[in-house]
Structures are given as C-alpha cells and as structure tokens.
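Some notes on the structure that comes next.
The values are calculated or read from the model by the stated rules, or taken from the named source; none is laboratory data. As the structure is a prediction and not an experimental result, all values here were calculated from the model. For neighbour counting, all protein chains shown are included, and Cβ atoms are generated from backbone atoms with ideal geometry for every residue, glycine included.
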Amino acid sequence: DAKTTQPPSMDCAEGRAANLPCNHSTISGNEYVYWYRQIHSQGPQYIIHGLKNNETNEMASLIITEDRKSSTLILPHATLRDTAVYYCIVAALTGNQFYFGTGTSLTVIP
Amino acid sequence: ETGVTQSPTHLIKTRGQQVTLRCSSQSGHNTVSWYQQALGQGPQFIFQYYREEENGRGNFPPRFSGLQFPNYSSELNVNALELDDSALYLCASSPNGRALRDGYTFGSGTRLTVV
C-alpha cells in the first residue's frame, strides 16, 4: 500500500518553478523520501532523495518539513520536457520494494 | 556505463500462453526487481532477486516466477496468461544488495498485450 498522498495533477507555466507536494504522515524514522518521474511509456527516472535535510541536485530540490510528515519537490525552471508523472515514495534502506501510488501528473504549459 | 536493458520492447500473447521477459542489469548492480504497471496506475512490485535468490515478493500469484543468473541478469516468467496481465513490465537494478541507498535504475520496460 502506498504510504504517500499526492495531488493527481498539476499545471505549471514553462520557465516557472514547479512545486510538487507530497504528504507522508506515517513516515518512520528510518525511511527516506524518494522522488521519481516517469515520462510517457518510459521507465521511472530517479530525481532525488533525502532523509530529513533539504537536498539539491542538478535536477531539483527537495524540501522536507521538520516533522518529516510532508515534502515538496521543486523544479526551479520547468521546461516542456519536465511533463511527466512524478512519484513520491517513502522507503527504508533495508527495504526491498517501492510503493509507487498513482503520482502527480505534471503538465508544463508553453 | 550501460543502463538497464529489457527485451523484447513489445509483445503480444494469447490468453493461456506463457511468456518470458528478460532484463540485463546496469553494470555493477547485483540486485534486480520486477514491477508491473497497468495503464494509468503506478508500478507494483512483483519480486526482487539478489544473489540468484528471490528476496521479497509482492501480491502476485505463483504463476509469476523469476530467475537471476550469475551475471545478475534476470528473467520474468508468467504462465497461463490472463487478459489482466496486459501491462508494462519494468525491471530495476540497484548496486547495494537489498539496500535502497541509491534507489533504483529502471529499464524502459516490456509492453505485454494479452489477447
């Protein structure tokens, strides 16, 4: 069963920041927050992950609230190629599977 | 460094038949997982293989089976195909045994259609 809640869809204007929220109120202390995205008919692509500190890489930033019950993925300057389904996943390092849920379908509008 | 490769990319089978899907893991990755993704849904975990043994299984019947070979490549076998088995089958590999430290690298999947 998915342990996260995400809005089913969002739109974002090209060039603007896309902020994708995720609720994970039952997250355990040893569980990380992972974000993946899936462009139509391709396999999911890793974006970023974190435990409790904010993280940034070349693709995105991950903001995790202090109580760790929610997080936000930020794409700083969305492009048309960022149109995809974005999945927020919580998982422990000792686990062996991801529960994907249905994700957020992000549409970047020209 | 090569990524995860899956074959075939598309496949059409008849109900009741058997199918074998193949996956080559990313170089240096010793763990392979299989996921089923029905249309409009997120991927669902089928099972994982580590050191040639099954290391966890999702809620799938025994007619879904797998193998992992010494070179870490893997096969997914499905017997007695049903119409509901039509889906995108994704293979994912990771470098850390059972740990998820660096997440997974996914292949592009095999699109299976059962008619």
**Asked** A:ILE74: farther than 29 Å from B:GLY58 by Cβ and either surrounded by 14 or more Cβ atoms within 10 Å (Cβ to Cβ) or within 10 Å of the chain's Cα centre (by Cα) (or both), yes or no?
**Response** yes
**Item:** Criterion (among the hydrophobic types (A, V, I, L, M, F, W, C), under 17 Å from B:ALA38 (Cβ atoms) and assigned to a loop (DSSP other than H, G, I, E, B)) met by exactly one of B:LEU81, B:LEU112
**Value:** B:LEU81
**Prompt:** For segment A:49-71, which residues satisfy the criterion of being at pLDDT below 95 and either crowded, with 21+ Cβ neighbours inside 10 Å or part of a strand (DSSP E or B) (or both)?
**Reply:** A:HIS49, A:GLY50
**Matching residues in segment A:1-41 - criterion: being in contact with a strand residue (DSSP E or B) (Cβ under 7 Å, 6 or more places away or on another chain), buried (at least 16 other Cβ atoms within 10 Å of the Cβ), assigned to a loop (DSSP other than H, G, I, E, B) and within 11 Å of chain B (Cβ to nearest Cβ)** = A:THR4, A:GLN6
**Request:** Give segment B:42-64 a look and list any residue that's touching a residue at least 12 places away in the same chain (Cβ under 8 Å), outside any strand (DSSP E or B) and surrounded by 15 or more Cβ atoms within 10 Å (Cβ to Cβ), or say none.
**Result:** B:PRO43, B:GLY58, B:PHE60
**Message:** Checking B:GLN26 against (1) of a type outside the set (A, V, I, L, M, F, W, C); (2) outside any loop (DSSP other than H, G, I, E, B); (3) within 27 Å of A:VAL33 (Cα to Cα); (4) touching a residue at least 24 places away in the same chain (Cβ under 8 Å), only one condition comes out false. Which one?
**Reply:** (2)
**Message:** Checking the structure you have, find out if any residue of segment B:65-82 is out of contact with any Phe, Trp or Tyr (no Cβ under 9 Å at 6 or more places or on another chain), more than 8 Å from every other protein chain (Cβ to nearest Cβ), of a type in the set (A, V, I, L, M, F, W, C) and buried (at least 17 other Cβ atoms within 10 Å of the Cβ).
**Reply:** yes
**Prompt:** When you go through A:THR83, A:THR65, A:THR94 one by one, which is the residue that is away from every other protein chain (no Cβ under 13 Å), of a type in the set (Val, Ile, Thr) and within 26 Å of B:TYR35 (Cα to Cα)?
**Reply:** A:THR83
